[in-house]
Amino acid sequence: MLPRRVIRSALFALVCGVFSGAHAAVVYNESVSGDLSNSGLTPTAVSVGLGSNAIMGSTGFVGDGVDRDYFSIIVPSGAALSSLTLLPGTSVGASVSFIGVQAGAQVTVPVSAASATGLLGWMHYSTADINTDVLPRMGIPSAGSTGFTSPLGSGTYSFWVQEVDTEPVNYGFDFMLTAAVPEPEKYAVLAVGLVFTIAALRRRGVLRIAQRPLGYCRDSCAQR
């Protein structure tokens, strides 16, 4: 039977290898990259990766119209959206603003809809939520939304941000992507694979030295 410490060390090395590619970056800033899409059917595609991904913009009433922001992200295979934190510098026009999320590359819910049917989740956020992970609150089913349990796994997600009052306001969200935690059965598969790999190496003599007693070299050399 393979020692537990060997299995733990191998799994730790695997996780460290995945996390070594993590990064922290502002991936989209409307003041630099231009206005985010105003249509849920054609959201702006924003590239994200493991680590912190800040998306910053502004929304609210501009002239005679409403500046709604729509953008989509792809959570890659083996990763998960583990938190969504409201960033400092965010403001709201009255008391709250709105953010919603739908699975897929579009937000198909009309702006005039009387319910949130079609959305995975949504919430009204305020300045009191700054530095808070709002993803769990968004996942609570409300007004027809499907609801979800965070973290969100790999896939495409589209977001809708809108000010509900009459003035333009700034916002910022940090999308934190982390390596997805394997299910217990996946750990078992990794462990079994590791056992067979080490057994094969032992048969080939690669790991034979690891089986020698601590005094092997000293005793054998003394007899020569």
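Karplus-based coupling profile of region 118-134, in residue order and whole Hz: x, 7, 5, x, 6, 6, 9, 10, 9, 5, 5, 8, 4, 6, 10, 6, 8, with θ = phi - 60° in 6.51 cos²θ - 1.76 cosθ + 1.60 and x standing for Gly or Pro. Exposure proxy ranking for Ser52, Ser126, Ser97, based on other Cβ atoms within 10 angstrom of each Cβ and starting from the fewest, stands as Ser126, Ser52, Ser97.
Stretching Leu41 away from Val62 to a fully extended chain increases their span by 5.5 nm, per 0.36 nm per residue minus the current alpha-carbon distance. How many angstrom separate the Cα center of region 129-164 from the Cα center of region 64-79? Taking the Cα centre of region 64-79 as reference, the centre of region 129-164 is 12 Å away. Would region 43-186 count as rounded, prolate or oblate if I go by the C-alpha gyration tensor, calling it rounded below 1.5 in a/c and otherwise prolate when a/b exceeds b/c, oblate otherwise? Prolate. In this structure, the amide hydrogen of Leu120, modeled 1.01 Å from its nitrogen in the peptide plane, lies closer than 5 angstrom to those of Val101, Gln102, Ala103, Thr146, counting only residues at least 5 positions away or on a different chain.
As a proxy for reagent exposure, Thr90, Thr156, Thr166 were ordered by neighbouring Cβ count within 10 angstrom, fewest first; the result is Thr166, Thr156, Thr90. Considering only beta bridges that DSSP places wholly inside region 21-179, some 80 percent are antiparallel.
As a size descriptor, the averaged projected area of the C-alpha convex hull of region 61-133 was calculated at 6.3 nm².
Each of Glu163, Glu30 was scored by other Cβ atoms within 10 Å of its Cβ. Listed from fewest to most, they are Glu30, Glu163.
Here, each number is a calculation from the coordinates, and none is a lab measurement. This is a predicted model, so every value here is computed, not measured. Positions of Cβ are generated from backbone atoms using ideal geometry, with glycine treated the same way; all protein chains shown enter the neighbour counts.
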